[in-house]
Amino acid sequence: MRRNEMNIRRLCLWLLALLLLAACGKDDDEGKNRSVTEWETRKVAIIAPYHQSQDIQNRLERTAKWFQDNFEVAQKNLKQGIKLELEWHDEEAEDMKALGHELATREDIVAVIGPKYSVQLDVLASEYATSGKPLIAPVASAEEVIRKYSASEAGTKEKTPFLWSLTETDISQSEVLLSVVTGAGDKRIALLSSDDTYGKTFNEWIPFLAHELDLELVANLTYHDEASLHSAIAKLLATDADYAICALANSTDVVYVAQQRLTAGDQAPRLLFTDSSMNPDLMHMDEVGEGIEGVSMYADPLSGFQLSYNQRFNVPPDGSEAQYYDALMLVGFAAFYCQHTGETNINEAIRIITSQTDGYPVNAWDKMGMQLYLTYVEDGILPNLRGATGNIKFDQEAFTTVLYTVYAHWLIHNGDVVTIDYASRDGNGRTTATMASWKWRAQQMQDVYDEETTIEFGKVTSQWAVLVAGSYGWDNYRHQTDVLNMYQLLKNFGWDDEHIILIMNDDIAHDPNNQYTGEVRASPDGENLYHDVVVDYRADTLSHTDIRPILLGQQSNHLPQVVHADSGSNLLLYWSGHGRQGYFSWMDNKRALSDEQLRETLQQMETSNGYRKLLLCTEPCYSASMAKMTEGITGALAIASSSELESSFADNYSVALKIWMSDRFTNNLITCLTANPAMTYKELYSYLVSHTMGSHVHIYNAPLFGNLYRDDPSEFFVYRN
């Protein structure tokens, strides 16, 4: 169609929509409406925290009724139309697992909207992952939950989308929180977060983002019950932080923290709350709530939703109503699209109507906008969809989370919530080409040493590898997967078992929870990594102190398999498991192999000519605190998954097994080396930095190791003897 013809067509549609809306309004006023629309009804379940507050219940019900009225009026005089029948459920009073199973299997329910909280969404989504029924999360946005149930995961086949989050993950909220701090010119922050699915995103990502922004994290505190909250808040308020960021589990905890702020006085840090604190209780507690700041998702101020809501109900919307409204709109529009096109899969309809990039943009949330949008659809045209929350576009790889969210920075003043500013993060501007919010590219790297070393290294005469998984049990499946992934990489590169010492507890392949009996995989669709495996030591038969004699070649009846290395040997030491600052964990012992013990071992190996070159790769949390022990050791290099202050991240969640199957840093290491083991160390490091999101990959001791721009890691991974 020529451009002029298209413009004329659009103008006609605009005029038609205006005339239809005017006609509907006149008929309604006079009570003479004669709709010729053939209606079909679709039932939608809405899950919300009714128990928390009568005000929340009233708000959500009137917002839903407002949508229903607008949607019905917008379809009058169209040939066919959809009416949504709503069924309400209280997420705080019902068993989410049982409710999820019921709704997922009921044929009369076409979609579920909610729940509001990420902890509940995690439970519900596990039931929906197999049913394929649409689950639309208005504001629940914990990064781990979104990553678990995304339609695309690293190393796996693409899955059918079923979870649609109308808010970016809390990674974005973490960015906005820190932008408040930097905008105030402050530098020191403290963090208090609940030890649950919701608090985890903030606990893991704020240290990472603070590092990026040159902010000092003076305290990172978590709590899991009332007693630990009381202890943590005392420590938090005693810090010298400029801002204390609080990501709390529920409104009761929020009120308690606000009360404690009064007792601490003006010497305490300024409190900055996450979206979980947006509840009516704080606004009616006089001096307790007064002056508290926070950030929460909100309506796009350019959409007009906030103004219309205020005019209709005489109060501004809260931090979730625009998202619930858009969730209803998404279901209604998808059902309308199916009705008019013959599409039978409502998930596919949602994908189609939210994927338009070159259509005419329509602000479709109000009556006039809805009528225009639906008239377009009836005429076979798909405009760009804009709702109360703004442009509704999902990640084009995972189709799980929107790329655009508006956050309000608010302040409680005289019992009212005053919006100080709005902030948003454009997904396309923040992310890589994949546009997935948990994969956005790190912007900072360490400076990598690029000068020629004066140290001479002789010819390689042998190669050894020690692969260690320091944990046990089904819940730690990923750690044994990591070492098996590394083991199979070495075998594929020509290694024999005589030169690989594999240490793992070997208790997951035949665990009763393993649906793939006798198999271990790094991803749901991955290959079996357990084939032809020779395990040298079950980890529970060793102590962490046994690692030292194994590396030093001190053979005994207890340790028959040890490294027989000398000054011509390249030695790879890979470690996966849990970690603490200054420790690698071992079995149940959270603080086992210490940084000093590791350093003493490396120094003894150096003085006894126990290697030619040594490469240490560490997966556990806080890895850099151990990896930096290589500094000053001739011929040693360490690559760590995370800094001294950061967790490392799991990867590839299995809905069937209900566990994380691998770790992100190791997956990236294996992927990169498999593709090109002859790349330089600098290229390997750059790849790991760019793809290991959530933590900063670190590299140590390059000046005493070699030229990272010239040398390549194949000397450790490809067997040459």
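The values are calculated or read from the model by the stated rules, or taken from the named source; none is laboratory data. The shown structure was predicted, so the numbers you read here are calculated from the model rather than taken from an experiment. Here the Cβ is made from the backbone with ideal geometry for all residues, glycine too, and neighbour counts use every protein chain on show. Side chains are part of the model used for accessible areas, which takes the heavy atoms of the whole protein and leaves out ligands, DNA and RNA. Shrake-Rupley method; radii C 1.70, N 1.55, O 1.52, S 1.80 Å.
Centroid-to-centroid, using Cα positions, the stretch 535-605 and the stretch 494-533 are 21 Å apart. Taking Cα centroids, how far is the stretch 306-324 from the stretch 77-105 in Å? Comparing the Cα centres of the stretch 306-324 and the stretch 77-105, I get a distance of 23 Å.
Dipole check for the stretch 541-693: with +1 at the C-beta of Lys and Arg, -1 at the C-beta of Asp and Glu, and the Cα centre as origin, the magnitude is about 120 Debye. When you work out D = kT/(6 pi eta Rh) for the chain at 4 °C and 1.567 mPa s, using the Kirkwood radius from C-alpha pairs as Rh and the Stokes-Einstein form, the result is 47 µm²/s.
Solvent-accessible area per residue in the chain equals 38 Å², computed with a 1.4 angstrom probe and all protein chains kept. Estimated from helical segments only, the mean residue ellipticity of the chain at 222 nm is -11000 deg cm²/dmol, where each DSSP H run of four or more residues counts as -39500 (n - 2.57).
Spacing of the modelled spin labels on Gln555 and Lys83, each 7 Å from Cα toward Cβ, amounts to 8.5 nm. Principal-axis analysis of the Cα atoms of the chain puts helix 477-492 at an angle of about 60° to the longest axis.
If you take the Cα centroid of the stretch 641-661 and the Cα centroid of the stretch 211-235, the two points sit 22 Å apart.
Net charge near Ala388, counting Lys/Arg +1 and Asp/Glu -1 over other residues with Cβ under 11 Å of its Cβ? Local charge sum for Ala388: -3. Measuring r between the beta carbons of Ile352 and Ser543 and using R0 = 41 Å, the FRET efficiency lands at 0.10. Taking Lys and Arg as +1 and Asp and Glu as -1, the other residues whose beta-carbon sits under 15 Å from that of Gly553 total -3. The overall shape of the stretch 582-721, judged from the alpha-carbon gyration tensor, is oblate: a/c is not under 1.5, and a/b is no greater than b/c. Here the Karplus curve 6.51 cos²θ - 1.76 cosθ + 1.60, taken at θ = phi - 60°, turns the phi angles of the stretch 576-587 into couplings of 10, x, 8, x, 10, 4, x, 8, 9, 7, 9, 6 Hz, with x standing for Gly and Pro. Working from Cα pairs under 8 Å separated by at least six residues, relative contact order for the chain is 11 percent. Taking the Cα centre of the chain as origin and assigning +1 to Lys and Arg Cβ atoms and -1 to Asp and Glu Cβ atoms, the resulting dipole is close to 1640 debye.
Once the mean of 1/r is taken over each pair of separate Cα atoms and inverted, the stretch 474-572 shows a Kirkwood hydrodynamic radius of 14.7 Å.
Of the solvent-accessible surface of the chain, computed with a 1.4 Å probe over protein heavy atoms with every protein chain present, carbon and sulfur atoms account for 47 percent. The calculated FRET efficiency for the pair Ser567 and His51, based on their C-beta separation and a Förster distance of 60 Å, comes to about 0.30.
Counting charges near Tyr223 (Lys, Arg +1; Asp, Glu -1) among other residues having Cβ under 12 Å from its Cβ returns a value of -4. For the peptides 653-660, 36-43, the ranking by mean Cβ contacts within 10 Å, running from highest to lowest, is 653-660, 36-43.
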